[in-house]
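The values are calculated or read from the model by the stated rules, or taken from the named source; none is laboratory data. These numbers come from a predicted model, not from an experiment. All Cβ positions, even for glycine, are placed from backbone atoms using ideal geometry, and neighbour counts span all protein chains on display. What goes into the accessible areas is simple: the full protein's heavy atoms, side chains included, and nothing from ligands, DNA or RNA. Shrake-Rupley method; radii C 1.70, N 1.55, O 1.52, S 1.80 Å.
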Amino acid sequence: MAISFFALAIFLYLGLDLDYSSPSPASAATTEGVEITYGTVLKLMHERTKFRLHSHDVPYGSGSGQQSVTGFPNVDDSNSYWIVKPVPDSSAKQGDRIKSGTIIRLQHMKTRKWLHSHLHASPMSGNLEVSCFGGENESDTGDYWRLEIEGSGKTWKQDQRIRLQHVDTKGYLHSHDKKYQRIAGGQQEVCGVRDKRPDNVWLAAEGVCERFPKLGPERQLLTGETSRLRKNLYRYSRQQKKPNNITKGSNVQRGMAKSRSMAAVVKLVLQPLPV
């Protein structure tokens, strides 16, 4: 019964029909230029390599020993979601627009730790290490990042190229195609560098945007998220009908795992997000 109500709520919210194909170019275009506001849950995509900013409960084996941050190649991974939040002494509210030059924080959705940097050397390149640190009630200036919008844009939107400069070290959030071989095999290093380079440009990719228009709060899926929710919901509903046919390690079981990871995003669409 709970699953039925949950699925119904998603269908009503997203206006899903029985066509589970990707959205048409017209519908995709309506999400171009979506404003990224406080409370938005998103994935940051490295412009050149297309890897997503990622973290997981695995510590660095050198440097600070804090939770590692990497670039992840796959789109379908719940460890790549970050919540955009203001600094503690800010008067900003959930749903507020974010101007270029604003200092923000990024909280890793799954582990609740903050995107962080300091003077420790990164494992592969020896640049500034980028880690995840702290928690809900533990944050310091090492978690502060200044938003720089490339071009003429004044507020952060999905289709804009951005840089994030660490306030304490002046290092820009950076990645490159140097990949880990063991603990995070296939994932690439994320670090900080103090000069502007093509490799420290990022874009807001998939996610859920929090907005407060005149008629009340609402959420908008960022480009690419709607079709993925459709496909995962459809797959999940089909799998629920044949639970006895699922074998360990099968493609169906892996599909169910992806469906469950997407449920976290769906839940964020339907419920308030704390700032």
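Looking only at segment 165-203, which residues are at pLDDT 95 or above, among the aliphatic types (A, V, I, L, M), within 20 Å of G63 (Cβ to Cβ) and open to solvent by less than 20 Å² (accessible area, probe 1.4 Å)?
Passing the criteria: L173, V190, V193.
Please go through segment 125-170 and pick out each residue that is in a loop (DSSP other than H, G, I, E, B) and of a type in the set (G, A, S).
Within segment 125-170, S125, G126, G134, S139, G151, S152, G153 meet the criteria.
Would you confirm whether any residue within segment 237-245 is modelled with pLDDT of 55 or more and farther than 18 Å from S68 by Cα?
no
Which of the residues belonging to segment 113-123 are open to solvent by 10 Å² or more (accessible area, probe 1.4 Å) and small (G, A, S)?
Scanning segment 113-123 gives a single hit, A121.
Which pairs do you get when a residue that is farther than 14 Å from G101 by Cβ, found in segment 159-171, comes within reach of a residue that is hydrophobic (A, V, I, L, M, F, W, C), reach meaning Cβ atoms under 7 angstrom, with the pair 6+ apart or on two chains?
The qualifying pairs are R161/V201; R161/L203; H166/W145; T169/L119; T169/L128; G171/L128; G171/V193.
Please pick out the residue among K99, K110 that is open to solvent by 60 Å² or more (accessible area, probe 1.4 Å), touching a helix residue (DSSP H, G or I) at 6+ places or on another chain (Cβ under 9 Å) and farther than 17 Å from E189 by Cα.
Selected residue: K110, the only one of K99, K110 that is open to solvent by 60 Å² or more (accessible area, probe 1.4 Å), touching a helix residue (DSSP H, G or I) at 6+ places or on another chain (Cβ under 9 Å) and farther than 17 Å from E189 by Cα.
What are the pairs with Cβ atoms under 6 angstrom where one residue, in segment 61-84, is farther than 20 Å from Q181 by Cβ and the other, located anywhere, is among the basic types (K, R) and crowded, with 16+ Cβ neighbours inside 10 Å? Sequence gap at least six, or different chains.
Filtered contacts from segment 61-84: D76/K258; S80/K43; S80/R52.
Determine which member of the set A2, A26 is hydrophobic (A, V, I, L, M, F, W, C), over 23 Å from the mean Cα position of the chain (by Cα), under 19 Å from D159 (Cα atoms) and modelled with pLDDT under 50.
A26
How many residues, within segment 176-198, are without any contact (Cβ under 8 Å) to a residue 40 or more places away in the chain and either small (G, A, S) or in a loop (DSSP other than H, G, I, E, B) (or both)?
Residues in segment 176-198 being without any contact (Cβ under 8 Å) to a residue 40 or more places away in the chain and either small (G, A, S) or in a loop (DSSP other than H, G, I, E, B) (or both): 6 in total.
For L106, which of the numbered conditions (1) of a type outside the set (D, E, K, R); (2) in contact (Cβ under 8 Å) with a residue 24 or more places away in the chain; (3) not in a strand (DSSP E or B) fails to hold?
Failed condition: (3).
Here's the yes/no breakdown for (1) crowded, with 17+ Cβ neighbours inside 10 Å; (2) within 12 Å of the chain's Cα centre (by Cα):
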{"site": "T37", "(1), (2)": "yes, no"}
{"site": "K43", "(1), (2)": "yes, yes"}
{"site": "H46", "(1), (2)": "yes, yes"}
{"site": "L53", "(1), (2)": "yes, yes"}
{"site": "Y60", "(1), (2)": "yes, no"}
{"site": "G65", "(1), (2)": "no, no"}
{"site": "N74", "(1), (2)": "no, no"}
{"site": "Y81", "(1), (2)": "yes, yes"}
{"site": "P88", "(1), (2)": "no, no"}
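Scan segment 124-147 and tell me whether some residue there is modelled with pLDDT of 95 or more, open to solvent by 50 Å² or more (accessible area, probe 1.4 Å) and touching a helix residue (DSSP H, G or I) at 6+ places or on another chain (Cβ under 8 Å).
yes
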